[in-house]
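So the structure is just underneath, and the comments pick up after that.
Just so you know, all these numbers are worked out from the coordinates, no wet-lab data involved. Just so it is clear, the model here is predicted, and its values are computed rather than measured. Every residue, glycine as well, gets a Cβ built from its backbone with ideal geometry; the counts of neighbours run over all protein chains shown.
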Amino acid sequence: MNVTYGYNCFKMKDLMIIRIIWSIWAIPWVLLITALFSSIVIMCGLLGMGDKKLQPLAALWARMLLLGTGCAVKISGREKLTPGQPYVFACNHSSALDIPVLFRALPSNFRWIAKKELFRIPLFGQSLRAAGYVPMDRSNRRASMQSLADASARIKAGASVVIFPEGTRSRDGRLGEFKSGGFLLALTARQPVVPALILGANKILPPKLVFIRPGRIEVRIGRPIPLDDMNLKQRDRLAGQVREEIIKLHN
């Protein structure tokens, strides 16, 4: 079943001139605020501040980035989460804005698994490592398994972890098939999986564009899925169940 996350990426009314004009302000703001907070996080890390204590800085970065780019975030379903309980959040992925949006929507103590290329970006990549985020090399199975082990260690230390089961950003606004590898993390750590749906981010900043425009993004958080009766061999079943729950959140 193909599902579009709320909006098509491109509509006639989405005039490129509006994006270009708004981006004259928004792009320098994103670069400035990201460089500033990356530098602060790196310095705090060098001074011995642990990654958990750095998470409020990441949340503040996200808040200021979204505020400066004119992105309002509506959140529903957060009451379904138990405070202090680690989760594996499984989210759709259709825009570079998804990460700051999740910092606004989810409990503050979480880490995310990101493609290794992000960790090569000057300043930003170093800040990701300092804050305890986990690089993933999808082309190397051994490195991927090590990344899952690192993420599992974060969960055992009390943090939640965010995964994007599609593996990459959707190019056409449709919910892709889920890869089961990320669900090994949940099954190994024995922590509930929470489906989450991001609506509208791909309308504000589509994958193939660098020009942004203001708008509203909605995050819908589903009910945690317990793993009591599942084992590692059932990761495909779990992936399918989580995908169906995300489709229900859309409807």
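Starting from 0.36 nm per residue, how many nanometres of slack lie between R78 and A35 once their C-alpha separation is accounted for?
12.5 nm
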Legend entry - Dipole of the range 123-251, positive direction: furthest Cα of S144, A159, N202, with charges on the beta-carbon: N202
Inset, instruction - For the chain, with a Gaussian network of springs between Cα atoms less than 10 Å apart, report the residue from L197, L232, L66 with the top mean-square fluctuation. - result: L232
Inset, instruction - Work out how much length D229 to E177 would gain on full extension: take 0.36 nm times their residue separation and subtract the Cα-Cα distance, in nm to one decimal. - result: 16.4 nm
Legend entry - Residue of A35, A149, A157 that the Gaussian network model of the chain assigns the largest fluctuation, springs spanning Cα pairs under 10 Å: A157
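Would you be so kind as to identify all helices of the chain, as entire DSSP H runs, whose Cα atoms reach 18 Å or more along the helix's own axis and whose mean Kyte-Doolittle hydropathy is at least 0.0? Walk me through the numbers on the way to the answer.
Working: long enough: 16-46 (43 Å, 2.08); 51-68 (25 Å, 0.44); 141-156 (22 Å, -0.59); 235-250 (23 Å, -0.77).
Length and hydropathy pass: 16-46, 51-68.
Semi-axes of the equivalent ellipsoid for the range 27-140, please: Cα gyration tensor eigenvalues, times 5, square-rooted, ordered largest first, whole Å.
Equivalent ellipsoid of the range 27-140: 21, 18, 16 Å, largest first.
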Legend entry - Length released on extending from L46 to R142, taking residue separation times 0.36 nm less the Cα-Cα span: 31.6 nm
Inset, instruction - Quick one: which residues, 5 or more positions from A131 or on another chain, have an amide H under 5 Å from its amide H? H modelled 1.01 Å from N in the peptide plane, none for Pro or chain starts. - result: none
Legend entry - Sorted by Cβ density within 10 Å, fewest first, the residues R154, R171, R235: R171, R235, R154
Legend entry - Phi to ³J(HN,Hα) by Karplus 6.51 cos²θ - 1.76 cosθ + 1.60 over the range 204-210, Hz, x for Gly, Pro: 7, 9, x, x, 8, 10, 9
Inset, instruction - Let me know the charge dipole size of the range 31-180 about its Cα centre in debye, to the nearest 20, where only the beta-carbon of Lys, Arg (+1) and Asp, Glu (-1) is charged. - result: 160 debye
Legend entry - Cβ charges +1 (Lys, Arg) and -1 (Asp, Glu), total dipole of the chain, debye: 180 debye
Inset, instruction - Fewest Cβ neighbours within 10 Å first, please rank T69, T168, T34 accordingly. - result: T168, T34, T69
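Determine the dipole magnitude for the range 148-230: charges of +1 sit on the beta-carbon of Lys and Arg, -1 on that of Asp and Glu, nothing else is charged, the reference point is the Cα centre, and the result goes in debye to the nearest 20.
In debye, rounded to 20, the range 148-230 gives about 400.
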Inset, instruction - Could you check which residue among E166, E218, E79 shows the biggest mean-square fluctuation in a GNM of the chain with a 10 Å Cα cutoff? - result: E79
Legend entry - Sorted largest first, extent of the range 16-250 alpha carbons per principal axis (Å): 53, 43, 37
Inset, instruction - Take every DSSP beta bridge with both residues inside the chain and express the antiparallel ones as a percent of the total, to the nearest 5. - result: 25 percent
